[in-house]
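> Once you've had a glance at the structure underneath, I'll fire off some questions.
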Amino acid sequence: MGARGRMRERKRPDVGASLIETVIAVSLMGLVVAGVLGAMWSSVRLSRFSDEQAKVEAVLGSAADRLASYAYIPCPSLTGNGGYLPIVQAAAGTVDWPTSTVTVVSLKFWSPTSASTGTWSATNGLSGSQCNETVSLTTARTLQLITIEVTSPSGYHKTLEVVKNNVFPRVIS
């Protein structure tokens with residue numbers, strides 16, 4: 001190729017990209033970025049939900065442990081200091097939540113109807129000195145079914161039932 005051929009090649013203008021090609025390229029990149037950001041946002045939301053579930057489980061387990069290790073209350077109240085509520089509410093501190101996130105939903109008492117069967121009752125039926133009666137397997141109200149509920153600040157909740165008793169085996173020496 002001579003000098004003239006090279007001159008023609010150099011004189012040829014640079015064509016570049018048209019406006020339509022640029023718009024299509026930017027749109028495609030926008031779709032890719034939007035997809036990646038959407039996936040990242042879903043991952044963050046799922047991570048927060050999993051973290052919240054784990055915290056609810058931790059508080060529920062701590063509340064059950066505290067309840068199991070606390071002394072048996074023969075005539076507990078459902079709310080206030082005369083029952084198990086302050087004990088289970090202390091478990092909210094394990095994840096720095098307010099104590100109001102842990103509640104005692106229900107409290108039922110075992111009422112034996114015969115030696116082999118019985119039912120759960122919402123009323124204790126004991127008062128005064130009866131709350132200190134000698135306990136045996138067939139004595140009324142020796143088992144308590146306590147339902148604990150933990151609700152996270154964003155509203156996720158879970159419940160657990162714990163059976164508490166005041167029956168101790170006799171030690172035969």
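> Only one of these is among the aliphatic types (A, V, I, L, M), under 20 Å from Leu85 (Cβ atoms) and assigned to a helix (DSSP H, G or I): Leu46, Leu31, Leu37, Leu60. Name it.
Details: Leu46 fails: under 20 Å from Leu85 (Cβ atoms); Leu31 fails: under 20 Å from Leu85 (Cβ atoms); Leu37 fails: under 20 Å from Leu85 (Cβ atoms).
Step by step, each of Leu46, Leu31, Leu37, Leu60 is checked, and only Leu60 is among the aliphatic types (A, V, I, L, M), under 20 Å from Leu85 (Cβ atoms) and assigned to a helix (DSSP H, G or I).
> Can you tell me which of Ser111, Ser116, Ser173 is outside any loop (DSSP other than H, G, I, E, B) and modelled with pLDDT under 80?
Ser111
> Would you pick out the residues in segment 55-107 that are crowded, with 19+ Cβ neighbours inside 10 Å, under 14 Å from Val150 (Cα atoms) and either free of Cβ contacts under 8 Å to residues at least 12 places away in the same chain or of a type in the set (Ser, Thr, Tyr) (or both)?
Those that are crowded, with 19+ Cβ neighbours inside 10 Å, under 14 Å from Val150 (Cα atoms) and either free of Cβ contacts under 8 Å to residues at least 12 places away in the same chain or of a type in the set (Ser, Thr, Tyr) (or both): Ser62, Thr101, Thr103.
The values are calculated or read from the model by the stated rules, or taken from the named source; none is laboratory data. Note that the coordinates shown come from a computational prediction; the quantities given were computed from them, not determined experimentally. Reconstructed Cβ throughout: ideal geometry from the backbone, glycine too, with neighbour counts over all protein chains shown.
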